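J.: Below is the structure I would like to discuss, written out as structure tokens.
The values are calculated or read from the model by the stated rules, or taken from the named source; none is laboratory data. Source: prediction; values computed, not measured. Here the Cβ positions follow ideal geometry from the backbone for every residue, glycine too, while neighbour counts run over all protein chains shown.
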Amino acid sequence: MPLLRAGIGPASSRPSWLGGLVLALIGFSVWTLFSLWPWLTQSAAPFRIREAWDTGLFWRVGVPLMLLAQAAGGALSDGKLLVQPVWMLGGFLAGVVLVHPAGSDPGLLPLAAVLIGLPSYAALLAATAVGRAVGDVFE
């Protein structure tokens, strides 16, 4: 039994989608947290949602957190390498759609999906591959 991928109980007893669901929740949480961050840190300010990628902290903390989570997912999971980043992006895009500034419309969502989603998929895929390679070393 692999050392890192052993987890709790045998790998066959865990649902294969569980790791993907955790990655989706992380992607959604990162978007939500950094969209609300300006309001959370300024208690006197009125409630205001921003787009997460408009905050510098998202790029300094949120993106590295997602890449580390993706690498950990690659190390701990035997799932398909090409599918794992889709879970993270799915959660992230769900956050983009559900947590947005008032008055904004989804008109630029297709453009964002292409210009942000495709490079993000490549970076998350690379993180998954690195995590999988590290996991294989400790097998």
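J.: Any chance you could count how many residues in segment 55-84 are charged (D, E, K, R) and in contact (Cβ under 8 Å) with a residue 40 or more places away in the chain?
T.: Going through segment 55-84 one residue at a time, the tally reaches 1.
J.: Condition test on Leu108, is it closer than 19 Å to Leu21 by Cα, exposed (fewer than 14 other Cβ atoms within 10 Å of the Cβ) and of a type in the set (A, V, I, L, M, F, W, C)?
T.: no
J.: Scan segment 92-139 residue by residue and report those that are in contact with a Lys or Arg (Cβ under 7 Å, 6 or more places away or on another chain) and either of a type in the set (A, V, I, L, M) or part of a helix (DSSP H, G or I) (or both).
T.: Gly135
J.: Okay, next question. Any residue that is β-branched (Val, Ile, Thr) and modelled with pLDDT under 95 - is there at least one of those in segment 102-119?
T.: Within segment 102-119 (the criterion being β-branched (Val, Ile, Thr) and modelled with pLDDT under 95), the answer is yes, since at least one residue qualifies.
J.: Before we move on, is Gly27 touching a Leu at 6+ places or on another chain (Cβ under 7 Å), surrounded by 19 or more Cβ atoms within 10 Å (Cβ to Cβ) and among the small types (Gly, Ala, Ser)?
T.: Answer is yes for this residue.
J.: Is there any pair linking a residue in segment 37-54 that is more than 12 Å from His100 (Cβ to Cβ) and surrounded by 15 or more Cβ atoms within 10 Å (Cβ to Cβ) to one that is among the β-branched types (Val, Ile, Thr) and modelled with pLDDT of 75 or more, with Cβ under 6 Å and at least six apart or on different chains, and which?
T.: From residues that are more than 12 Å from His100 (Cβ to Cβ) and surrounded by 15 or more Cβ atoms within 10 Å (Cβ to Cβ), the pairs are Trp37/Thr55.
J.: Additional query: Looking at this structure, is Trp87 among the aromatic types (Phe, Trp, Tyr), closer than 19 Å to Trp17 by Cβ, surrounded by 14 or more Cβ atoms within 10 Å (Cβ to Cβ) and touching a residue at least 12 places away in the same chain (Cβ under 8 Å)?
T.: yes
J.: Looking at segment 40-84, which of the residues that are in a loop (DSSP other than H, G, I, E, B) and among the acidic types (Asp, Glu) is farthest from Leu21 (Cα to Cα)?
T.: Glu51
J.: Something else now. Would you say Leu65 is at pLDDT below 95, surrounded by fewer than 20 Cβ atoms within 10 Å (Cβ to Cβ) and either in contact with a helix residue (DSSP H, G or I) (Cβ under 9 Å, 6 or more places away or on another chain) or of a type in the set (A, V, I, L, M) (or both)?
T.: Taking the combined requirement at face value, the residue does not satisfy it.
J.: While we're here: With the checklist (1) farther than 21 Å from Phe34 by Cβ; (2) modelled with pLDDT of 90 or more; (3) not basic (Lys, Arg) in hand, flag the one item Gly73 doesn't pass.
T.: Unmet for Gly73, out of (1) farther than 21 Å from Phe34 by Cβ; (2) modelled with pLDDT of 90 or more; (3) not basic (Lys, Arg): (1).
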